[in-house]
1. Do any residues in segment 502-516 that are closer than 22 Å to ASP577 by Cβ and modelled with pLDDT under 85 have Cβ atoms under 8 Å from those of residues that are exposed (fewer than 12 other Cβ atoms within 10 Å of the Cβ) and small (Gly, Ala, Ser), where the two are at least six apart or on different chains, and which pairs are they?
2. Exactly one of (1) polar (S, T, N, Q); (2) open to solvent by less than 10 Å² (accessible area, probe 1.4 Å); (3) modelled with pLDDT of 90 or more is unmet by SER576. Its number?
3. Can you find, within segment 409-433, the residue that is most open to solvent (accessible area, probe 1.4 Å) among those that are over 47 Å from the mean Cα position of the chain (by Cα) and acidic (Asp, Glu)?
4. Of the conditions (1) touching a strand residue (DSSP E or B) at 6+ places or on another chain (Cβ under 9 Å); (2) more than 24 Å from GLU293 (Cβ to Cβ), THR341 clears all except one; give me its number.
5. Just wondering, is there one or more residues in segment 518-535 that are of a type outside the set (S, T, N, Q), open to solvent by 50 Å² or more (accessible area, probe 1.4 Å), closer than 20 Å to ALA608 by Cβ and at pLDDT 90 or above?
6. For segment 224-256, what are the residues that are more than 20 Å from ASP167 (Cα to Cα), surrounded by 15 or more Cβ atoms within 10 Å (Cβ to Cβ), of a type outside the set (Val, Ile, Thr) and without any contact (Cβ under 8 Å) to a residue 60 or more places away in the chain?
7. Return the total of residues in segment 151-179 being modelled with pLDDT of 60 or more, surrounded by fewer than 19 Cβ atoms within 10 Å (Cβ to Cβ) and within 19 Å of ASP254 (Cα to Cα).
8. Would you call LYS373 over 16 Å from THR309 (Cα atoms), open to solvent by 10 Å² or more (accessible area, probe 1.4 Å), modelled with pLDDT under 80 and not hydroxyl-bearing (Ser, Thr, Tyr)?
Amino acid sequence: MFRKEYRRKLFLVLTGLSALVYFLSLLHFLSGTERRLFIGGLILVLSVTLSGLLAKRLSEPVEKLKEGVKRVAEGDFSYRLELKSSQEFKELSENFNFMAERLAEAYDKLKEQTESLIKQNEELQEFNAELEASYEQLEALTHELELSERKYRFLVENIRDILWVTDKEFKIEFVNSRVVRYLNYTPQELIGESLFKIVDEESKDTLKNMLEGKVRFAEIGFRTKDGLLVLTETQVKRLKVGEEIIGLQGISRDITETYYIKKQIEEKNNEILAISDVGRLIISGSDMKEVLETIVEKIAGLLNSPLCTVREYNAASRKFVLLAKGGELKNYPVSEEIRLTEKDIEELVTSKEIKIKDVDEFPHSERIDPIFKSRGVYSVVVVPLIFRSETKGIFTVWASTNTVKNMSLLRSVASAISLAMENSKLYEEIKKVYIKTIEALAYAIEAKDVHTKGHSMRVSQYAALIGEYMGFPREKVEQLRIAGILHDIGKIGIKDSILLKKGKLTVQEYEIMKLHPEIARKILAPIDLPKEIIEAVAKHHERYDGKGYPYGLKGEEIPKEAAILGVADAFDAMTSDRAYRKGMSIEEAINEVLKNKGTQFHPDVVDALISIYINERHRLEEIKNQVLESAS
């Protein structure tokens, strides 16, 4: 708008000036010669004067504006333009001054930004210097890292173990080249596949526990490309980002060969222990049937056999009689006697070699056939029991295969069983001689007095019966039987004048009579009898209330065997006739024993005798009457 107004005014001034010149020129043209000179000169003066004034008038604001622009350009933003010659120049000066203020503000801001940029540039230069230093360090570290990575890769690729990494879904992300040697897979074949593809079923649960942090070290079974099992010792580390589990890193060492060697050692160790146990059982002196049952049960467990049997060969009937059986199927029907073919008997008796036969070829109860089929039992290993080159019987092991790895164990066990059977027979013969000798000693004592004849035998049978009722094992019952026969053996050392005296013993004589249990101990000690027998004989006159002899024991201080012997001895004494009185009836004797329960007699033993009387009184009658008949 300023330019438009300025142009308009300039146009008017020039138009006025032109009109004036035109008017003077016209006068000059119309006037005479003299006047033309004057008017011409006047026109020239006026033109020059007006031009000068007009130039000055017009150029003065422009000069001031030029000066202002120069000052501003030189950076003097405080300079202000004052033009009041016209409204237009006044507006122009205000615009100029507004511009100068804005430029001043912009300059200040620019100055601040420049200072800030200078500072940032200085900091950037410092950072750049540090960055250059860091870059040099980084280059060094990168070089070291490359060397370390080469070493690591060399180590990973040449380590004898399988290294693997999976994500949390057990997807294989890395596996080293050792997997080729152990599993016949290349790393490329496995990367991206599930780890569960190459482990056995049992190991899958173990790996899940490892991912949950429950297990860090365990045996993991891997499957080769051909399906073979490779056992490994595997140690794992859970991979985390923050607290999140993202995968599993593992190192697996092949222990297949070590595992099977260890297994073989364990098997051999178990065989040695089994043979050792069999040896201990044989020399334990236990009942042969119990020994054989324990042996076959142990062998059945060791060989994982559902059924093992021991049979004795009866040459007269040419049958094999069952002595013992063991294994899971021992409670199923098993034939008591079997007859083999003449060919089989001839081979077992003459060749004495182990035979492996199909189940269908070996005699057995037809009722057990379905059980054999359900358990996968297809063969029988028949081991001859040989003693001094003579076949005594057979040891059979029923199995699910046609081969048995532990032939040496079977031969050793068979030899032990043969020895046990032979020792049992010898033991029975020796025991018979031994008992006859003991009975002879007892009869030698009783022969002095017709009224005590049979007393030791009766006490022996009563004691054995009470022991059975109290749940004693067979071995303990047999000890009670022998102790009953021997309980008065110490009376050999008592004078006949005291032993056979008709009347009441004096105090001094009674004290001598009370010595017979201790005399019995001295007599029996050199014979190497079981301790329980000697203790029962030496303490059978002790009382439950402590008033007995020879040691004054009471309550549970008295061995149970001695307490049983004491009740049996007193019961027979009460029911037997003496020179000075007639014997009591069984009812009377039972009542008398009951009265002295807890004082003279052990309560448990009295309860057992009462149970016999209530449930099997006839057995007490048989013992009493049988011996009385023989005495008469």
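The values are calculated or read from the model by the stated rules, or taken from the named source; none is laboratory data. All values reported here derive from a predicted model rather than from experimental measurement. Positions of Cβ are backbone-derived with ideal geometry, glycine not excepted, and every protein chain shown enters the neighbour counts. With ligands, DNA and RNA removed, areas are computed over all heavy atoms of the protein, side chains included. Shrake-Rupley method; radii C 1.70, N 1.55, O 1.52, S 1.80 Å.
1. LYS502/ALA579
2. (3)
3. The residue in question is GLU429.
4. Result: THR341 fails condition (1) only.
5. Scanning segment 518-535 turns up at least one residue that is of a type outside the set (S, T, N, Q), open to solvent by 50 Å² or more (accessible area, probe 1.4 Å), closer than 20 Å to ALA608 by Cβ and at pLDDT 90 or above.
6. Matches in segment 224-256: LEU231, GLU233.
7. Within segment 151-179, residues that are modelled with pLDDT of 60 or more, surrounded by fewer than 19 Cβ atoms within 10 Å (Cβ to Cβ) and within 19 Å of ASP254 (Cα to Cα) number 7.
8. Judged against the criteria, LYS373 is not a match.
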